[in-house]
Amino acid sequence: QVQLVESGGGLVQAGGSLRLSCAASGSIFRIYDMGWYRQALGKQRELVAVITSGGSTNYADSVKGRFTISRDNAKNTVILQMNSLKPEDTAVYYCNALLTAVAGKPAYDYWGQGTQVTVSS
């Protein structure tokens, strides 16, 4: 069984910074992409940033230049460093991993439980 456990959310003033961490554990053969999504109240879940196993990254336009995603493949962790936070960044942030649990089997998406990020104005 695979688990993604997030940490690092909280309340911060506009202009501040937060660092989100996510660790994948359990029966894991290979992790491909890891990323962060967010869902604000009353809105659909949206991609924030994604990073491949090779280190290529992709960001939502709204966070480019402010957020940085990184990963440690040896520890199966992904980090989202969020700087210059804005009230519109307020949302529940979810960690995501595309991985195979067993060699030769298909890859599936796994999700963390979510962590709240609140940015006050």
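The values are calculated or read from the model by the stated rules, or taken from the named source; none is laboratory data. On a predicted model such as this, the values are computed, not experimentally measured, just so you know. Cβ atoms come from the backbone with ideal geometry, glycine included; neighbour counts cover every protein chain shown. Areas reflect the complete protein model, heavy atoms only, side chains present, ligands, DNA and RNA absent. Shrake-Rupley method; radii C 1.70, N 1.55, O 1.52, S 1.80 Å.
Once region 1-18 is narrowed to residues that are outside any strand (DSSP E or B) and in contact with a strand residue (DSSP E or B) (Cβ under 7 Å, 6 or more places away or on another chain), the residue that is farthest from Gln81 (Cα to Cα) is Gln1.
Looking at region 74-97, which of its residues are assigned to a strand (DSSP E or B) and either among the acidic types (Asp, Glu) or more than 13 Å from Val117 (Cβ to Cβ) (or both)?
Keep residues of region 74-97 that are assigned to a strand (DSSP E or B), which gives 77-82, 91-97.
Within region 74-97, Thr77, Val78, Ile79, Asn96, Ala97 qualify.
Determine if region 62-84 includes at least one residue that is of a type outside the set (A, V, I, L, M, F, W, C), under 21 Å from Gln39 (Cβ atoms) and in contact with a helix residue (DSSP H, G or I) (Cβ under 8 Å, 6 or more places away or on another chain). For region 62-84, residues of a type outside the set (A, V, I, L, M, F, W, C), under 21 Å from Gln39 (Cβ atoms) and in contact with a helix residue (DSSP H, G or I) (Cβ under 8 Å, 6 or more places away or on another chain): present. Take the conditions (1) under 15 Å from the mean Cα position of the chain (by Cα); (2) modelled with pLDDT under 95; (3) among the hydroxyl-bearing types (Ser, Thr, Tyr); Ser27 misses just one of them, which is (1).
Within region 92-106, one or more residues are of a type in the set (Val, Ile, Thr), under 18 Å from Phe29 (Cα atoms) and surrounded by fewer than 18 Cβ atoms within 10 Å (Cβ to Cβ).
If you check Ala49, Ala60, Ala74, Ala40 for being in contact with a Gly (Cβ under 7 Å, 6 or more places away or on another chain), free of Cβ contacts under 8 Å to residues at least 60 places away in the same chain and aliphatic (A, V, I, L, M), only one passes: Ala49. Candidates in region 1-18 are the residues that are among the aliphatic types (A, V, I, L, M) and closer than 17 Å to Thr115 by Cα; of these, the one that is surrounded by the fewest Cβ atoms within 10 Å (Cβ to Cβ) is Leu11.
Restricting to region 19-61, name every residue that is open to solvent by 60 Å² or more (accessible area, probe 1.4 Å) and outside any strand (DSSP E or B). Scanning region 19-61 gives Phe29, Leu41, Gly42, Lys43, Gln44, Arg45, Gly54, Ser56, Asp61.
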